[in-house]
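The values are calculated or read from the model by the stated rules, or taken from the named source; none is laboratory data. Predicted model only: the values in this text are computed from it and were never measured. Heads up, the Cβs are rebuilt from the backbone with ideal geometry, glycines too, and the neighbour counts pull from every protein chain shown. Accessible surface areas use protein heavy atoms only, side chains included; no ligands, DNA or RNA. Shrake-Rupley method; radii C 1.70, N 1.55, O 1.52, S 1.80 Å.
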Amino acid sequence: MTALEPAPSSTAPSAPPSNASIRRTQRAGRVMAFVVALVVTLFFAFPLYWMVITALKGDAEVFQSPPTFVPHPAVWSNFLTSLSQIPFWSYVRNSLLYAILSAIGAALSASIVAYGFSKVKWPGREAVFFLVLITMLLPYQVTMIPTYLIFRSIGWTGTLLPLIVPAFLGNAYFIFLMRQFIRTLPDELADAARIDGCTEFRVFWTIIVPLIKPALAVVFLNQFLNAWKDFLGPLLYLNDPSQYTLSLGLQQFQSANGQEWALLMACATVFTVPLFVLFFFTQRYFVEGVTFTGLKG
Amino acid sequence: MSLLTPGSSVPTLRVRRRRKFWNNLGLGLLFIAPWLIGFLMLTAYPFFSSLYFSFTRYNILSAPQWVGLQNYQNLVHDPKFLKSIGNTFYYTVIAVPLGVVLAIALALIYNQKMPGRPIFRTLMYVPLIVPPVATALLWQWIFNPQVGLLNAVLGFFGIQGPTWLGDPGWSKIALIIMAQWGVGGSVLLLLAALQDVPRQLYEAAEIDGASLWQKFWNVTLPMISPVVFFISITGIISAFQVFTEAFIVSGGEGGPVNSTLFYSLYLFQQAFRFFNMGYASAMAWLLFIAVLIVTLIVFRSSAKVVFYDRS
């Protein structure tokens, strides 16, 4: 049984060839691991299946006990009904504005700042970078109230600005991630361009930016996701239904229609689907983003 | 460079480098300017002003009024505050260790060579893609006492399930279960760490006749301990700040009977429902101190158990 080892390559001659019984236990172990993995995976995936099929059930079937696992008949109109009960497209527009603009801001600011922390040598750089890392420890609750008051005093509450603008000012986590990436690029590249008389900003823009596209994608996608999922930000700053993002709109819809499970699940499904589409097309960037962060390099 | 011995080019170059280094200060600051502005305006200034607010009575409408330590004194006698600490502690102490053990177990399983492994891993990560609002709505439905999925499954085994989110004795457990659905991120990190464990170590252990458990305890766990440490500490810090799910399943109330009134939720209520900005700021600072202390303790104690490869 090899349950605790990294998967051995099938050709590895690690076991003594004559020992057939060891082989057999190993195979039994592997089959067991497969079965366990299958069961566990089903456990993880099932709630999502449950969300989608509830969205397709009729009123009677939703409350049927024991529950049914295939909706019969599938009520596709639930989706249209749920979308017509909330200003869905307005929520989508606001969510998209927030997600896309803040993601652009995050990618831009993280790359510029990270360049300043990796390829430009200046006194105090490491100390300041340490400060960047320290800010990651600060619970958001500490800065939440004064930040709210700042945006309130300049009249930005009730708009998407307090959600979008801070993204352009850099996020410690993204700066860190981007710096780790830029550091892997050889210094000679920038030096060669500098000798040719490039300004530092041109070096950054024409030499470095094209090389860090994967990291830019990681930051962009992660911030897009963060913004699309964000609940507290919209809850703090948005007060008119016409400004609501999907997160806030859906929560408000739920407080008003707590028992309409089919409609709620239809909304939740529509809310989640765009992220799935994005995830399945860009998976490798997410995985990179997770494994990249601080644990290597 | 004129101050140095003419002819010796090496120190001249060094001086030129040094001067360049100092001249670069402006350039460096220019590149990090976005962060610097953000740091000063959205981190440093709020940091100190929330400390100041914590010593004031401040309801937004009139100017903050200095009250010294009164907010902190009132907190000690506030039963809801004490309840929110108890709830948060309960949640952290169960959810975090459970999550770490679960993540290690899952990572070991998913690390096996088996057909469909990439699909398994992806599906395990997928719950992290679901927005917290949707997650909370979905699990609220699963936890529904009469017609929810969970109690239907329990009923199949002849178990009468509790009312979960409706029962103060079970509501935190329900949120802990809900949190385990998102364990896939930790699993992914641990899988990456498992890939880096040198195969020779297992071979050496096998030659010494180590059992499966001994191999795990003496080889695998020490080698992945930095990641275990990382997910533990980030898990503790985020458990201290759990908010969105509790807000949604309790309609922002922290019910039933304050059983899901977590620290952050109570802080939010004080700040943005009752507009006790000073009181809430005092809570924020106590949270900050708690996070600092826990981080220090975990770091200190980790020196003994975390194995860092220095090669």
Original post:
How many nm is it between the label spots at B:Ser62 and B:Val15, if each spot is 7 Å from the Cα in line with the beta carbon?
Top reply: 6.7
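Other chains' Cβ within 10 Å of B:285-291 residues: what's the mean? Please report the intermediate quantities before stating the final value.
Numbers: counts 3, 1, 3, 6, 1, 1, 5.
Per residue, the average neighbour count from other chains is 3.
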Original post:
What number, in nm² with one decimal, is the all-direction average of the projected area of the convex hull of the alpha-carbon atoms of the range B:227-311?
Top reply: 7.1
Original post:
Using a 1.4 angstrom probe with every protein chain in place, what is the largest-first accessible-area order of B:Glu206, A:Glu188, B:Glu253?
Top reply: A:Glu188, B:Glu253, B:Glu206
**OP:** State, to one decimal in nm², a quarter of the convex hull surface area for the C-alpha atoms of chain A, i.e. the direction-averaged projected area.
**Re:** 23.7
Original post:
Amide H to amide H, which residues 5 or more places from B:Thr56 or on other chains are under 5 Å from it, using H placed in the peptide plane?
Top reply: B:Val67
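Could you give the Stokes-Einstein D for the range B:10-53 in µm² per second, using the C-alpha Kirkwood radius, 37 °C, 0.692 mPa s?
258
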Original post:
So how far apart, in nm, are the two label points at A:Arg23 and B:Ser238 if each is 7 Å from Cα heading toward Cβ?
Top reply: 4.5
Subject >> Filtered chymotrypsin sites (Phe, Trp or Tyr not before Pro), the range A:11-92: DSSP coil and at most 16 other beta carbons within 10 Å >> reply: A:Phe63, A:Phe69, A:Trp76
**OP:** Using label points projected 7 Å from each Cα along Cα→Cβ, tell me how many nm separate A:Thr206 and B:Gln146, to one decimal.
**Re:** 7.1
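May I ask for the percentage of alpha-carbon pairs in the range A:31-146 that lie more than 19 Å from each other?
Result: 75 percent of Cα pairs exceed 19 Å.
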**OP:** Please arrange B:Glu203, A:Glu200 by accessible surface area, largest first, computed with a 1.4 Å probe and ligands excluded.
**Re:** B:Glu203, A:Glu200
**OP:** Loop sites only, by DSSP: take the chymotrypsin sites (Phe, Trp or Tyr not before Pro) in chain B that have at most 11 other C-beta atoms within 10 Å and name the longest stretch containing none of them.
**Re:** B:1-156
Subject >> Stokes-Einstein D (µm²/s) once Rh is taken as the Kirkwood radius of the range B:71-304 over alpha-carbon pairs, at 4 °C in 1.567 mPa s >> reply: 65
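In square nanometres, what is the average projected area of the Cα convex hull of the protein assembly as shown?
Over every viewing direction, the Cα hull of the protein assembly as shown projects on average to 35.2 nm².
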Original post:
Which value at 222 nm does chain B reach when only helices count, each DSSP H run of 4 or more adding -39,500 (n - 2.57), with the total divided by all residues and rounded to the nearest 500 deg cm²/dmol?
Top reply: -20500 deg cm²/dmol
